[in-house]
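One structure is given here, and the rest of the page talks about it.
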Amino acid sequence: MEVYTASITMTICIIAVPKHVPKMRKQIVAGNWKMNCTIDEGKRLVSEVVQLMQNEIQNNAEVIFIPPYIHLTNLSEQLLTNDTLYLGAQNCHQNKSGAYTGEVSATMIKSCGATHVIIGHSERREYFSESDALLAEKVNTVLENDLTPIFCCGERLESREVNTQEAVVGEQVRNALFHLSTEEIAKMVIAYEPVWAIGTGKTASAEQAQEMHAFIRETIAEKYSNEIADSISILYGGSVKPENATEIFSQPDVDGGLIGGASLKSRDFVDIVKAFD
């Protein structure tokens, strides 16, 4: 009797996973005009930026114009045929409507064609005494209107000098955002503003920016998950210019910038967007 022996060959596949996975988060450059530009100046600025971007930009960064309220309707019409540029407001009231002279609601902002709203900018915190509790209410109303909040956080110079910047920023994030559900927090954009580096002549290094962005992401991961934290775009808002944008944006946890003064100069603003090329 002959005996046949079957031989089974097993192939083991080893999949190598790279240590540094490319960022999949949205890259964003948002221009905060603050209290600048007449109607004609605003139209001209946007026209210049759009023309330069059409000729020069090779990346897929999301670009957001954030002018004073008076510009929203005009710029929405101006950007109507461009699906790569977005429009945002610099603030909103926490209530849907009512007798609040001088205020603008999220519902009104959405009706103008805007898609984003800045919440908690350092100037709002300082000049208008906006608290974390109030900002939590504003975040809620923005999300309820299917708008994207750009939540700002950051420390003053005195906190940085005594090395309490993480405690300050962590408290701001927890107080204003940690009531949100997993689905809601995932819709946020966060902007880190070192208040001491805005219009003071002082400059935060790319390493300092990365350090705080990583801390913010870790703080969110502790409450929600690494997956959620890794999906949220965190922008740097500390005097970004064409000269430093590439270095700052190249940091692993920096996903773009909230641009102030440089957003009022079409050439500078487009050169900052080009930092993602």
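If R₀ is 22 angstrom, what is the calculated FRET efficiency for the pair residue 95 and residue 70, using the beta carbon separation as r and rounding to 0.05?
0.55
Have a look at 269, 233, 182 and report the one farthest towards the positive end of the charge dipole of region 159-273, computed about the Cα centre with Cβ charges (Lys/Arg +1, Asp/Glu -1).
Comparing the listed Cα positions along the dipole, 269 ranks first.
Given 25 °C and 0.890 mPa s, compute D for region 28-276 with the Stokes-Einstein relation, Rh being the Kirkwood radius over Cα pairs; round to the nearest whole µm²/s.
Answer, rounded: 135 µm²/s.
Spin-label point model (7 Å from Cα, Cβ direction): what's the residue 203 to residue 24 distance in nm?
3.5
Taking the Cα of residue 111, stepping 7 Å toward and past its beta carbon, and measuring to each backbone N in region 145-169: which are under 15 Å?
Those under the cut-off are 145.
Identify all aspartates and glutamates with a Cα-Cα distance to residue 138 below 12 Å; exclude those on the same chain that are fewer than 8 residues away in sequence.
130
Name the residue, out of 116, 71, 179, whose mean-square fluctuation peaks in a Gaussian network model built on the chain with Cα pairs under 10 Å.
179
Between 88, 30, 47, whose Cα lies farthest towards the positive end of the dipole of region 28-276 when Lys and Arg beta carbons carry +1 and Asp and Glu beta carbons carry -1, centred on the Cα centre?
47
What number comes out for the charge environment of residue 240, summing +1 per Lys or Arg and -1 per Asp or Glu over other residues with Cβ under 13 Å away?
Spelling it out: positives minus negatives among the neighbours equals -3.
Report the extension gain between residue 178 and residue 34 in nm, rounded to one decimal, defined as 0.36 nm multiplied by the number of residues separating them, less their alpha carbon distance.
49.1 nm
Full extension from residue 140 to residue 246: what is 0.36 nm times the residue separation minus their Cα-Cα distance, to one decimal in nm?
Roughly 34.8 nm would be gained on extension.
Set the Förster distance to 41 Å, then compute FRET efficiency between residue 167 and residue 277 from the Cβ-Cβ distance, nearest 0.05.
The value I calculate is 0.65.
Any of 96/202; 26/241; 34/187 with alpha carbons more than 30 Å apart? Name them for me.
96/202
With +1 assigned to the C-beta of every Lys and Arg and -1 to the C-beta of every Asp and Glu, and no other charges, what is the dipole magnitude of region 28-276 about the Cα centre in debye, to the nearest 20?
Charge dipole of region 28-276: 620 debye, to the nearest 20.
Any read-out appearing in this document is the output of simple, stated calculations on the displayed coordinates, not a laboratory observation. What you see is a predicted model; the values in this text were computed from it and never measured. Counting neighbours? That spans all protein chains shown, and the Cβs are built from the backbone with ideal geometry, glycine included.
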